[in-house]
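As structure tokens, the structure follows; a few thoughts come after it.
Derivation of every value follows stated rules applied to the coordinates shown; laboratory data play no part. Everything numeric in this text was worked out from a predicted model, so none of it was measured. Reconstructed Cβ throughout: ideal geometry from the backbone, glycine too, with neighbour counts over all protein chains shown.
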Amino acid sequence: MECVGDVPENSVPSPGRDQVNDYDGFAEAYSAENENSLVNAYYERPAMLALAGDVAGRRILDAGCGSGPLSAALRDRGAVVTGMDVSAGMLALARRRLGDDVALHLADLSDRLPFADGAFDDVVASLVLHYLEDWGPALAELRRVLSPGGRLIASVEHPFVAYTFTDPRPDYFATTSYTFDWTLNGRTAPMRFWRKPLHAMTDAFTTAGFRLAALSEPQPDPAARELFPDGFHDLATRTCFLFFVLEVPPSATGSDD
């Protein structure tokens, strides 16, 4: 099983979004694949929830919520969840799933977000940042809407995967894009991701005012062993995604103004 080309959790725009990363065009097929897949349902989402820990009563922004599976899980654990996504099609599916329990916003992570400074205790960004060439503006906005002591919990494609499973092998120290095709329910969808070396990721976080609290390379949920025997072994022995917990220093004001 390869992580490159597997279905990521959520959607954020990239340059030329009318031609690539068009989640509106395959929202139903994407959501169905995402729901119970090994990589998403038994690896990425459980890892995000484990890193989030006890979220009861916490105000959480799901940045790039897609059709809402992570938002639903956080809500069911007692969080006060707000979702945002750039895809109207994905938000329609999220509304169907979540009802009126979760406020949903059509918003672009590259723009100023429609939330007040310090509005959230946590932000979860589940497989979204690797859609962006420049993380700076998005991280600055996520930092702004977090309260002092708040957390950004983020997952991205692992640099090892992004740089080694490509032929010809790219320059590891360069930020470069690559494209590939997903085939979902018989339809091919062109996608574009951006790969960054690990130091560029951590530099972007610290430049935005975050402090690295945890770096995780988790194992899949053991329950997947019997459901996906071949894929489980591959996922348990190879890198796939990289997970970060970033903190806003408690003395921070929640705004860079």
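Observations on the model:
- Prolate/oblate/rounded label for the range 80-148 (Cα gyration tensor, a/c 1.5): oblate
- Estimated from helical segments only, the mean residue ellipticity of the chain at 222 nm is -8000 deg cm²/dmol, where each DSSP H run of four or more residues counts as -39500 (n - 2.57).
- Gaussian network model of the chain, Cα within-10 Å springs - most flexible of 43, 178, 30: 178
- Couplings for the range 57-64, taken from phi via the Karplus curve 6.51 cos²θ - 1.76 cosθ + 1.60 with θ = phi - 60°, read x, 7, 7, 10, 9, 8, 8, x Hz in order; Gly and Pro are left as x.
- 5 angstrom amide H check on residue 103, placed H, neighbours 5+ away: 83
- Mean-square fluctuations from a GNM of the chain, with a 10 angstrom spring cutoff on Cα atoms, peak among 187, 77, 58 at 187.
- Separation between Cα centres of the range 180-246 and the range 54-70, rounded to whole Å: 18 Å
- Residues 135, 182, 194 arranged by fewest to most Cβ contacts within 10 Å: 182, 194, 135
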